[in-house]
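Structure first, commentary second.
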Amino acid sequence: MTSTLPRQATATARPPSSWTAWLRSRIVRLVPPGEALPDRQPVYVTSWIYVFGVLTIAGLVVVLVSGGLLAVGGAAWWHVSAVGHYVNSLHLWGVELFFATMVIHLWGTFWMAAWRGRRTLTWVVGVVAFVTSIGTAFTGYLSQSNFDAQWISTQAKDGLNSIGFGAWFNVLNPGQMLLWHVVLLPSAIGVIVLVHVVLVRRHGVVPPIDAAAPSEAAPERVQRGLTPDAHRFRTRPYDLVKEFVAALVVMTLLTAGLAGVFSSPDEPAITMQRWAQEAPGDVVATATGELAGTTASATYGPPYNRNGSGQSLLGVPLQKWGGVRLPVSSASLVLQPLAAVRDDPALAHALASWQAATPATQSGWADAYANALSKAPGGDPAQAVAGSYGPVPVIANGLLTLARSGGLEGALTSSGSFYGGDQTRSLLLLSDGAYLEDVARAQRLGGDQWGMMNETGNYPGQPWMWLYTFWYQVKPFSTSENADALVWGLMMLLTLALMFLPLIPGLRSIPRWVPVHRLIWRDYYRRQPLR
């Protein structure tokens, strides 16, 4: 009788090319058994500072869920629906709490020197998660389709353009920013946070500084490196799942309460029609400046045109590196919308006269009319002195009339696109005038008023951007023509320093020199002699 044992052994043996077996072995090597969902933790884990790590993850869940609910209603839902506005408030306050807990967690791990014991990569990934979260929140502000989005985008473009990045990351295009905000960056954060959590579970919670304790783990597991050094200390029962559920409930209730009490800001966007109604003289002056080629966008340089050298960093023209990928002619901001106007013979004749003139003649007309407007009382075009301005007054007033009718907005944003979501041209035209900045400064959102981190009303805004905004308040940045490039260069340097802090002598020793860690682990040090 033939034995079945060999046949059974063959049936249960691992296939030599099993992808499943290979993946399982990699997972086991990545996170040792029992470490993915541990039910015990070292006895020194008693400080409240440890709670902020799980609170941050819970806050991320609240942000993702509230953001998903906003996406269900559509981009404009929260502007017109009370329910939608409350969901937006949930998202806003979820983000505020998420950043608050993450910053506390980051500072806590710094004072614990949490990169010790082969945990440098854990620290690096954590900093990358923080920086990516800032980018995600920033694109969220740009996607609000309200005044804050308008103002922040027109200010932020200078910083991104100064290093050449704006050629690909166009903050004046809400459609592009919305896709970054709801798809690309949240996906990146999810992956980065997962990697961070896996590294934490793999290496365990960092022990107190200068701590030494005999191992409770099996010697062979310690030798093979399968047990984190934290498990060489005495342990106590620990319910990870219960802690996360409790953190999620706390963050959800806090978010719901803050959203209900404080709501969220929603200052309506400035339309071309509103601009024309409230500041008609500014519209005419801006149109004239665009024809003369003297406005900010007309002389900007890359990525819009080659009429300016742009900013540089230490002599390197970074702004030019992106090239002219978003071509904008300042005169076309005026002439193109007016070319579609029908039933206005005077305007049609003025446009034809302009096109037939030489560039030198066009410039002479526009410069002369701009000078006359600057001397008119209150900038009122009706009180400008007569002069040889050619068709410029008719063209500028034609743009004012189109703006008052509400037709200028669509003419600038559609550009032949079905969706018409790119507001680059309309925002450049609006920001070339004085009205947008006047409204922003009245709400204390100017560049010298810490505007990038402020919010309309008394809302908290983006406090996580305080350091970036700070540099614009001090010399030499506040007076430099290359301020944006300098600030971005400095911030990138500081970010790299924070990211690779565990490798920088002196900086990595600060937690040892400043005894904040003795407060964090006060129960442990109370039982240990002072070293």
Q.
Run the reach check for residue 320 against lysines, Cα to Cα strictly under 16 Å, same-chain hits fewer than 8 apart removed. What comes back?
A. 157
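Leaving out ligands, DNA and RNA, what percent of the accessible area of the chain is carbon and sulfur, probe 1.4 Å?
Reported share for carbon and sulfur atoms: 64 percent.
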Q) Amide H to amide H, which residues 5 or more places from residue 40 or on other chains are under 5 Å from it, using H placed in the peptide plane? A) 238
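Mind running the shape call on the range 95-203? Use the C-alpha gyration tensor, a ≥ b ≥ c as the square roots of the eigenvalues: rounded below 1.5 for a/c, prolate if a/b tops b/c, oblate otherwise. Don't jump to the answer; show the numbers that get you there.
Details: a/c = 2.31, a/b = 2.25, b/c = 1.02.
Because a/c hits 1.5 or more and a/b exceeds b/c, the range 95-203 counts as prolate.
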Q | Heavy atoms of residue 325: accessible area, 1.4 Å probe, square angstrom to 10 | A | 130
Q) To the nearest 500 deg cm²/dmol, what mean residue ellipticity at 222 nm is calculated for the chain from DSSP H runs of n ≥ 4 alone, each contributing -39,500 (n - 2.57), summed and divided by the residues? A) -17500 deg cm²/dmol
(Q) Just to be sure I understand: if I project the alpha-carbon convex hull of the range 432-531 onto a plane and average over all orientations, what area do I get in nm²? (A) 10.3
Q. When the C-alpha atoms of the range 306-460 are aligned to their principal axes, what extent does each axis show, in angstrom, from largest down?
A. 51, 38, 37
Q | Mean accessible surface per residue for the chain, computed with a 1.4 Å probe while every protein chain stays in place, in Å² | A | 51
Q. Amide H to amide H under 5 Å from residue 313: which residues, 5+ apart in sequence or cross-chain, H placed 1.01 Å off N in plane?
A. 318
Q: Work out from phi, with θ = phi - 60° and the Karplus expression 6.51 cos²θ - 1.76 cosθ + 1.60, the ³J(HN,Hα) of each residue of the range 281-288, listed in order in whole Hz, and give x for Gly and Pro.
A: x, 5, 5, 5, 5, 5, 4, 5
Q) Across the Cα atoms of the range 17-161, what radius of gyration and what greatest pairwise Cα-Cα distance (Dmax) are found, in Å? A) 20.0, 59
Q: With a ≥ b ≥ c taken as the square roots of the eigenvalues of the C-alpha gyration tensor of the range 385-459, please select rounded if a/c is under 1.5 and otherwise prolate if a/b is larger than b/c or oblate if it is not?
A: oblate
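Could you compute the FRET efficiency for residue 17 and residue 244, with r as their C-beta to C-beta distance and R0 at 51 Å, rounded to 0.05? Before the final figure, lay out each step's value.
On the way: r = 38 Å, r/R0 = 0.74.
About 0.85, to the nearest 0.05.
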Q: Rank by packing, highest mean first: peptides 433-445, 298-310, 134-146, 498-510, with packing defined as the count of other Cβ atoms within 10 Å averaged across residues.
A: 134-146, 298-310, 433-445, 498-510
Q: Using Cα centres only, tell me the gap between the range 81-125 and the range 314-371 in whole Å.
A: 47
Q | Alpha-carbon Debye profile of the chain, log10 I(q)/I(0) at 0.09, 0.11, 0.13 Å⁻¹ | A | -0.79, -1.04, -1.29
Q: Kindly identify the range 343-409 as rounded, prolate or oblate by the Cα gyration tensor criterion: order the square roots of the eigenvalues as a ≥ b ≥ c, call it rounded if a/c is under 1.5, otherwise compare a/b with b/c, prolate if a/b is larger, else oblate.
A: oblate
Q: Could you pull the Cα extents of the range 23-72 along its three principal axes, largest to smallest, in whole Å?
A: 39, 36, 13
Q.
Sort 365-372, 46-53 by the packing proxy (mean of other Cβ within 10 Å over each peptide's residues), most packed first.
A. 365-372, 46-53
Q: Quick one: what are the phi-derived ³J(HN,Hα) couplings along the range 132-138, Karplus 6.51/-1.76/1.60 with θ = phi - 60°, whole Hz, x for glycine and proline?
A: 5, 5, 4, x, 5, 5, 4
Q: Please give the FRET efficiency for residue 72 paired with residue 332, using the beta carbon to beta carbon distance and R0 = 35 Å, rounded to the nearest 0.05.
A: 0.35
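The values are calculated or read from the model by the stated rules, or taken from the named source; none is laboratory data. Since we're looking at a predicted model, the values are computed, not measured. Here Cβ is always computed from backbone atoms with ideal geometry, including for glycine, and neighbour counts include all displayed protein chains. The protein model used for the area step is the full one, side chains on, heavy atoms only, and it has no ligands, DNA or RNA in it. Shrake-Rupley method; radii C 1.70, N 1.55, O 1.52, S 1.80 Å.
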